[in-house]
Amino acid sequence: MVILRNLEPADIEAVHALTSRMDVVRHMLLPLCSREDSEKFLRDSLLESPSDPWRSIVRAIAPIGSPPAPLVGLCGVANLRGAEEGEIWYLVEPESWGKGVATEAAKHLLDFGFGQLGLHRMWATCVPENPASARVLEKVGYERKGSSSETSRSTACGRAAFCTPC
Ligand SMILES: CC(C)(COP(=O)(O)OP(=O)(O)OC[C@H]1O[C@@H](n2cnc3c(N)ncnc32)[C@H](O)[C@@H]1OP(=O)(O)O)[C@@H](O)C(=O)NCCC(=O)NCCS
């Protein structure tokens, strides 16, 4: 139903349509973006921050089809370069919620992380007010591991932490 593909500069309208919506970003560690913020987000995503210790890989979630349809969501993996673990995230346009898009994207993301990136552990967090995200994680095999204040990433305090079975 959906694939993950590289972002392109031409995705700016679709990216901004997502990152400027409060109902999309409110549970994310992503601010509500102005047009300028969205352009910076896309620029940084295209560069994949090659010189930063943290690597952030962002992919477009797009429907399978020809001609290619505009993206319906974004997802990514962040990890400390050289580390064998990473954090996944995803967001989907509200018009496509409830159709299994995030679940399928998360599966692709796990294949990508464990396969191409060679990660051994991929974790995720979500706030208790976001049961849809928790459900997506459960559906792709994640187990709840407590709160993120017990994990290594202190910026996400208060969020439920999930991890793939080792
Ligand atoms: C969370 C989000 C990605 C889910 O995307 P989606 O494409 O609708 O997800 P899916 O359709 O694959 O699965 C959603 C599941 O949550 C369930 N769900 C939805 N709302 C729910 C609620 N309020 N309580 C419990 N379960 C809920 C759905 O029924 C479905 O489970 P099911 O297949 O067992 O019926 C989407 O709502 C979103 O983009 N939210 C804003 C960004 C965000 O919060 N990202 C996650 C950050 S941690």
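No value in this document is a laboratory result; all are computed from the given coordinates. All values reported here derive from a predicted model rather than from experimental measurement. Glycine also receives a Cβ, built like all others from the backbone with ideal geometry; neighbour counts cover every protein chain displayed.
Relative to its Kirkwood radius, the Cα radius of gyration of segment 1-76 gives an Rg/Rh of 0.96. Farthest toward the positive end of the dipole of the chain, out of 24, 132, 63, is the Cα of 132, where the dipole comes from beta carbon charges about the Cα centre.
In this rough spin-label picture, where each label sits 7 Å from Cα along the Cβ direction, the residue 6-residue 135 distance is 3.6 nm. Counting only lysines at least 8 places from residue 99 when in the same chain, those with an alpha carbon closer than 23 Å to its own are 107, 139. Building the convex hull from the alpha-carbon atoms of segment 2-163 and averaging its projection over directions returns 9.2 nm².
Near the amide H of residue 3, within less than 5 Å, lie the amide hydrogens of 62, 64, all on another chain or at least 5 residues away, with H placed in the peptide plane. For residue 40, the aspartates and glutamates whose Cα falls under 17 Å of its own Cα, not counting residues fewer than eight places away in the same chain, are 8, 11, 13, 48, 52. The phi torsions of segment 5-18, fed into the Karplus equation with coefficients 6.51, -1.76 and 1.60 and a -60° offset, translate into couplings of 9, 5, 6, 10, x, 5, 7, 3, 4, 5, 5, 5, 4, 7 Hz, rounded to whole numbers, with Gly and Pro shown as x. Simple spin-label estimate for residue 51 and residue 30 gives 2.5 nm between the two label positions (7 Å along the Cα-to-Cβ direction from each Cα). Only Lys, Arg, Asp and Glu carry charge here, each on its Cβ (+1 for the first two, -1 for the last two); on that basis the chain has a dipole of about 320 debye about its Cα centre.
Its Cα gyration tensor gives segment 32-113 an equivalent ellipsoid. The semi-axes, each the square root of 5 times an eigenvalue, are 23, 17, 11 Å from largest down. A simple charge model with +1 on the Cβ of Lys and Arg, -1 on the Cβ of Asp and Glu and nothing else charged puts the dipole of segment 70-111 at about 60 debye relative to its Cα centre. Net length available on complete extension from residue 66 to residue 127 is 18.3 nm, with 0.36 nm assigned per residue and the Cα-Cα distance removed.
How far is helix 35-47 tilted, in degrees, relative to the longest principal axis of the Cα atoms in the chain, given as a value from 0 to 90 rounded to the nearest 10? That works out to roughly 70 degrees. Each Cα pair under 8 Å and six or more residues apart adds its separation to the average, and for segment 2-163 the resulting relative contact order is 18 percent.
At 222 nm, what value in deg cm²/dmol follows for the chain if DSSP H runs of at least 4 each add -39500 (n - 2.57) and the sum is divided by all its residues, to the nearest 500?
On the way: 5 runs with 48 residues, N = 166.
That comes out to -8500 deg cm²/dmol.
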